1. With label points built 7 Å along Cα→Cβ from the Cα atoms of Ile189 and Arg78, find their separation and express it in nm.
2. Under a crude label model (7 Å from the Cα following the beta-carbon direction), how far is Thr173 from His13 in nanometres?
3. Please list, in order along the stretch 53-62, the HN-Hα scalar couplings obtained from phi with the Karplus expression 6.51 cos²θ - 1.76 cosθ + 1.60 (θ = phi - 60°), rounded to whole Hz, x for Gly and Pro.
4. Can you give the local net charge around Ser23? Use residues other than it whose beta-carbon is closer than 14 angstrom to its beta-carbon, Lys and Arg +1, Asp and Glu -1.
5. Peptides 35-47, 169-181: what's the order by average Cβ count within 10 Å, highest mean first?
6. Under 5 Å between amide hydrogens, which residues at least 5 positions from Leu22 or on another chain qualify, with H placed 1.01 Å from N in the peptide plane?
7. At 7 Å along the Cα-to-beta-carbon direction for both Gln149 and His70, put a label point, then send me their distance in nm to one decimal.
Amino acid sequence: MQTNLDKSQYYAHPPYLYRCPLSGKLMEEPVTDPCAHNFDREAITTYLDSHHRCPISKKPLSPSALRPNHALAEQIERWKFHKDHDGLVREIVEEDPTSALSEDEEFDDIVIQMERGTQRKTRQGKHHQKTYYYDEIPPELMLLPQERQILASVRNKVATTRSIAQKQRCYRTTCTLIGVLIVCAGALITWKSFSGDDE
């Protein structure tokens, strides 16, 4: 398990695998060449305009041979999310760790709601210590934007299906009750007609 120190070092700079070997910057749109080398699309297409070879293997390479690396893009998105989230929490706590709880209770409540039980507070006299755990971040927050849209669409379809099923159950129940009432009314009419004949 990573310690807080390990995490702060991990998020201080992009991991080597997330940086483009040409530009040295965090890849915005990672692509893979046929040799399985990863590059940022903008950097490699600019390079290929004049070189027409893989900068690492030196094999012939054209822009049409590049394929999006969705798995790497997702890892980078997750890394960026954790980096931004970790930085926000660290900034709040490190401003004044002894008064962070008392001065900003409203914001603490929001953070607690966001993390849903992933925060532990320890009171030590006037001093407060906050420890945050990121292993329990809801999976929806770690998805790429297009995956979030798909998840929302599926949830809407499930809700619609449940609503339709509930309406169908209500309709069947209503039809059954009407049928029972008709049978009861028929039985009552029959009983009245027989009891009227007895008099």
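Just so you know, all these numbers are worked out from the coordinates, no wet-lab data involved. Given the structure is predicted, the values throughout are model-derived calculations rather than measurements. Please note: Cβ atoms are built from the backbone with ideal geometry, for glycine as well, and neighbour counts cover all protein chains shown.
1. With each label point 7 Å from Cα toward Cβ, the separation is 6.9 nm.
2. Placing both labels 7 Å along Cα→Cβ, they lie 6.5 nm apart.
3. Per-residue couplings from phi come out as 9, 5, x, 9, 8, 6, 7, x, 8, 10 Hz.
4. Values: positive: Arg19, Lys25, Arg41; negative: Glu28, Glu29, Asp40, Glu42.
That works out to -1.
5. Final packing ranking: 35-47, 169-181.
6. Residues meeting the criterion, in which the H sits 1.01 Å from N, are Asp40.
7. 1.3
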